[in-house]
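One structure is given below, encoded as structure tokens.
The values are calculated or read from the model by the stated rules, or taken from the named source; none is laboratory data. What you see is a predicted model, and the numbers here were worked out from it, not measured in a lab. Methodologically, a virtual Cβ is constructed for each residue, glycine included, from the backbone with ideal geometry; neighbour enumeration extends over all protein chains shown. Areas reflect the complete protein model, heavy atoms only, side chains present, ligands, DNA and RNA absent. Shrake-Rupley method; radii C 1.70, N 1.55, O 1.52, S 1.80 Å.
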Amino acid sequence: MSGMTGDEYMDLLLERQAEWERKHAGDPRRPWARPLLEWFIREGDDLLFTPPEEQPQPKRATQSRVYRSAASLRAERDRLVTQRAPLLTPILTDRAAAGGVALGPKRTARVQAQEDRRLQRYVSLTRRIEALETRIQRAEAREVRAA
């Protein structure tokens with residue numbers, strides 16, 4: 001029975017599992033889950049089935065990095081700056097109304113939530129702009145070296 005394929009060996013383990021389940025069908029102590037196939041590996045099974053030798057994986061071809069130009073990074077930075085600019089103007093210019101005097105408690109909470117979202121967006125855009133500034137400096141240095 002030597003020289004089994006992997007599929008044939010799996011069928012043998014499944015057959016052993018099914019046999020065990022038939023044998024223990026009425027047992028009240030039977031576990032609620034099916035037994036693992038690993039439990040049915042017997043000593044000497046390594047003589048029945050020898051796993052195929054692993055073929056070495058071919059190495060991936062390396063590709064050189066593609067850097068963005070400083071001009072494209074500046075364009076993205078300028079676009080983000082224009083997106084960030086309107087976030088600085090307050091939703092309500094009347095500070096008394098913003099404090100809840102004229103709006104009421106529910107309206108005040110809604111306005112505060114809007115302001116919070118605007119502030120979060122402003123902070124995320126500012127962080128992105130600062131990161132782009134650093135990348136622009138590196139791109140300019142790279143372009144000077146390449147020239």
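What the table shows:
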item: In segment 17-28, the residues that are small (Gly, Ala, Ser) and in a loop (DSSP other than H, G, I, E, B); result: Ala25, Gly26
item: Criterion: in contact with a Ser or Thr (Cβ under 8 Å, 6 or more places away or on another chain) and among the charged types (D, E, K, R) - qualifying residue of Arg84, Arg29, Arg60; result: Arg84
item: Thr5 of a type in the set (Val, Ile, Thr) and either in contact with a Lys or Arg (Cβ under 6 Å, 6 or more places away or on another chain) or open to solvent by 80 Å² or more (accessible area, probe 1.4 Å) (or both); result: no
item: Of all residues making up segment 11-28, the number that are aliphatic (A, V, I, L, M) and at pLDDT below 90; result: 1
item: Pairs, first under 18 Å from Arg42 (Cβ atoms) in segment 1-29, second among the basic types (Lys, Arg), C-beta under 9 Å, six or more apart; result: Arg16/Arg42; Gln17/Arg34; Glu21/Arg30; Glu21/Arg34; His24/Arg30
item: Residues of segment 113-125 classified as open to solvent by less than 100 Å² (accessible area, probe 1.4 Å) and more than 24 Å from the chain's Cα centre (by Cα), total; result: 6
item: Close pairs from segment 43-72: first farther than 30 Å from Arg138 by Cα, partner exposed (fewer than 10 other Cβ atoms within 10 Å of the Cβ), Cβ under 7 Å, at least 6 apart; result: Leu47/Ser2; Leu48/Met1; Leu48/Ser2
